[in-house]
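**Q** Have a look at this one.
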């Protein structure tokens, strides 16, 4: 299997603060990577670089063999941890927006996901609760047949019922040929999805490997390993 | 790029409608006051409203770019598989549409106000006779408007790259804007002295000679050739650089 993402000695500095201190990550096509770590560890910085909206200070990141740019943006489906939709939009407008700009957007899939998430096309984005908004973001991002999905804290601030719904949506919409990077600190809920995991702390990868092998090796769940690592 | 323009318009058309209605209602109100307010005051207020429109459209144009460069919606816009020039140019086109719409509307409304003003026949006749002067003024204002926006886009982009901090980034962008304006002004002045060759457009010469009612202090609009070429190249360069920075250097 080929690599969909390869980061080599990736460094990002914000003035004197070092957000990433030489990250090396590889992700094979068809795999799901859990990027785990506490707040401020560098997860979002890494994902923003992969999404093409932040430039590394040094090092290299390749997505499908190319540096972040127009091509990689066309194959990466990125879910940031903020509400990035325009306030004037209704759910329908957001769907049309994605359909117009991404050739891999699957309208039928989006309709199914809207039904599944119980979202009304006529609802205004500003009238949605945080949970509903997260469902809409996920609907938009998952409706693309992207090569790489990047989810930054998709479960952050979401109640347990909604969390389950979001995880189910992710599971139902995973394609064999697409890859995912999911960052979260709510590992217990989602760890069953991960093929690989990378533990990040203070801008460094401190542990990485195949999720199942780590479980077997340590005799613990990924959630327990995480608690142990960051204790 | 057309899709970007389409969605910007979709998000703003209600404001256009509301603003246009407000402008029309204000002018209708001013027309009704022609007999009660002191001589010519409704026209002056209408004219001032037009100037306020110019300022509002200019601020709106800068905010349109700043919103995505410094706000959360940038995550939506800058992750689209679109070139930097398409993003910047779509913003510019939207602002030009706004400028054309509101400046034309406020100009027409001010002229209608003038038609209802007592003893304004000489001024009306002059304006009608020299319609080309109105067009020149419009084009001159539009070019100034575009130049300010292009410089604002560059200042906001370069400041965002230099400063991750939103607050300081915006302050720095103002400093960059003023600094580059000053440098362009100085360089233009230098070129005007070095190459004092003008292209003299005379849109107002007829008015100045024939109409006593209009006290214009200039008869010709001198356009220095060297300075104009220099400024055109600078603004094209700044726009190209902004597009490059969006593509290659942007840090959200």
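**Q** With r defined as the distance between the Cβ atoms of residue B:9 and residue B:112 and R0 fixed at 25 Å, what FRET efficiency is calculated, to the nearest 0.05?
**A** With R0 = 25 Å, the Cβ-Cβ based efficiency is 0.40.
**Q** Same structure again: At a 10 Å Cβ-Cβ cut-off, how would you order A:202, A:115, fewest neighbours first?
**A** Numbers: A:202 14, A:115 10.
The order, fewest Cβ neighbours first, is A:115, A:202.
**Q** Assuming R0 = 45 Å, can you tell me the calculated FRET efficiency for the pair residue B:167 and residue B:35, based on Cβ-Cβ distance, to the nearest 0.05?
**A** Details: r = 51 Å, r/R0 = 1.14.
According to the calculation, E is roughly 0.30.
**Q** Next question. Expressed as a rounded percentage, what relative contact order does chain A have, with Cα pairs under 8 Å and six or more residues apart?
**A** Dividing the mean separation by the residue count of chain A yields 27 percent.
**Q** Under the classification rounded if a/c is under 1.5, otherwise prolate if a/b is larger than b/c and oblate if not, where does the range A:107-153 fall, given a ≥ b ≥ c as square roots of the Cα gyration tensor eigenvalues?
**A** Here the range A:107-153 falls in the oblate category.
**Q** Another question, if that's okay. Which residues in the range A:164-202 place their backbone N less than 14 Å from a point set 7 Å from the Cα of residue A:116 along the Cα-to-Cβ direction?
**A** The answer is A:164-176, whose backbone nitrogens lie closer than 14 Å to the label point.
**Q** Rounded to the nearest 10 degrees, what's the angle between the helix B:41-70 long axis and the longest principal axis of chain B, both from Cα atoms, 0 to 90?
**A** The answer is roughly 10 degrees.
**Q** Just need the Rg to Rh number for chain A, please, alpha carbons only, Kirkwood Rh.
**A** Reported Rg/Rh, Kirkwood definition of Rh: 0.96.
**Q** Size of the range A:80-204 along its principal axes in angstrom, Cα-based, largest extent first?
**A** Sorted from largest, the Cα extents of the range A:80-204 read 41, 30, 26 Å.
**Q** Based on the Cα atoms of the range B:1-118, what semi-axes does the equivalent ellipsoid have, where each is the square root of 5 times one gyration tensor eigenvalue, given in whole Å with the largest first?
**A** Values: eigenvalues 270, 25, 23 Å².
Its equivalent ellipsoid spans semi-axes of 37, 11, 11 Å.
**Q** While we're here: Once you have the Cα-Cα distance between residue A:67 and residue A:216, take 0.36 nm times their residue separation minus that, and quote the gain in nm to one decimal.
**A** Extra length available between residue A:67 and residue A:216 comes to 50.1 nm.
**Q** May I pose another question? Under the definition of Cα pairs under 8 Å and six or more residues apart, what whole-number percent is the relative contact order of chain B?
**A** Contact order relative to length: 23 percent.
**Q** With a point put 7 Å past each Cα toward its Cβ, work out how far residue B:93 is from residue B:193 in nm, to one decimal.
**A** 4.3 nm
**Q** What number, in percent, do you get for the relative contact order of the range A:174-231 if the mean sequence gap of Cα pairs under 8 Å and at least 6 apart is divided by its residue count?
**A** Details: 35 pairs, mean separation 15.0, N = 58.
Taking the mean separation of contacting Cα pairs over the length of the range A:174-231, I get 26 percent.
**Q** Continuing with the same structure: Hey, could you pull the Cα Rg and Dmax for chain B, both in Å?
**A** Using the Cα atoms of chain B, the pair Rg, Dmax is 21.1, 61 Å.
**Q** Over the protein assembly as shown, what is the percentage of antiparallel beta bridges among all DSSP beta bridges, to the nearest 5?
**A** Percentage antiparallel, nearest 5: 60.
**Q** Another one. Based only on Cα atoms, what mean projected area does the convex hull of the range B:10-79 have, in nm²?
**A** The orientation-averaged projected area of the Cα hull of the range B:10-79 comes to 5.5 nm².
**Q** Rounded to the nearest 10 degrees, what's the angle between the helix B:225-248 long axis and the longest principal axis of chain B, both from Cα atoms, 0 to 90?
**A** Long axis of B:225-248 versus the principal axis of chain B: about 40 degrees.
**Q** Okay, moving on. In Å, what is the Rg of the alpha-carbon atoms in the range A:1-119, and how long is Dmax?
**A** Over the range A:1-119's Cα set, Rg and Dmax evaluate to 16.5, 48 Å.
**Q** Could you work out the helix-only [θ] at 222 nm for chain A, with each DSSP H run of four or more residues adding -39,500 (n - 2.57) and the total divided by the number of residues, to the nearest 500 deg cm²/dmol?
**A** The helix contribution divided over chain A gives -10000 deg cm²/dmol.
**Q** Could you state the per residue volume, in Å³, of the convex hull enclosing the Cα atoms of the protein assembly as shown?
**A** 174 Å³
**Q** So, in nm, how far is label residue A:159 from label residue B:179 when the simple model puts each one 7 Å beyond its Cα toward the Cβ?
**A** Taking the simple label geometry, residue A:159 and residue B:179 are separated by 5.2 nm.
**Q** Mind pulling the per residue volume of the convex hull built on the Cα atoms of the range B:66-128? Å³ is fine.
**A** Details: hull volume 6.9 nm³, N = 63.
It comes to 109 Å³ per residue, whole-number rounded.
**Q** Shifting gears a bit: Using just the helices of chain B, give the 222 nm mean residue ellipticity in deg cm²/dmol: DSSP H runs with n ≥ 4 each add -39,500 (n - 2.57), and the total is spread over all residues, rounded to 500.
**A** After summing the helix terms and dividing by the residues of chain B, the value is -27500 deg cm²/dmol.
**Q** In the range B:20-54, whose amide N lies under 16 Å from the spot 7 Å out along Cα-to-Cβ of residue B:119? List them in ranges.
**A** Flagged as within label range: B:34-44.
**Q** Then there is this: Relative to the longest principal axis of the C-alpha atoms of chain B, give the angle of the C-alpha long axis of helix B:84-116, reported between 0 and 90° and rounded to the nearest 10°.
**A** The angle comes out at about 10 degrees.
**Q** Counting DSSP beta bridges with both partners in chain A, what percentage is antiparallel, nearest 5?
**A** 55 percent
**Q** Take the alpha carbon atoms of the range B:43-60, find their center, do the same for the range A:60-108, and report the distance between the two centers in whole angstrom.
**A** Result: 38 Å between the Cα centres.
**Q** At R0 = 30 Å, how high is the FRET efficiency between residue A:206 and residue A:129 if r is their beta carbon distance? Nearest 0.05 is fine.
**A** 0.25
Quick note: the coordinates plus some simple rules give every number you see, no bench work behind them. A quick note: this is a predicted structure, and the numbers were derived from the prediction, not measured. Using ideal geometry, Cβ is built from the backbone for each residue, glycine included, and neighbour counts are taken over all protein chains shown.
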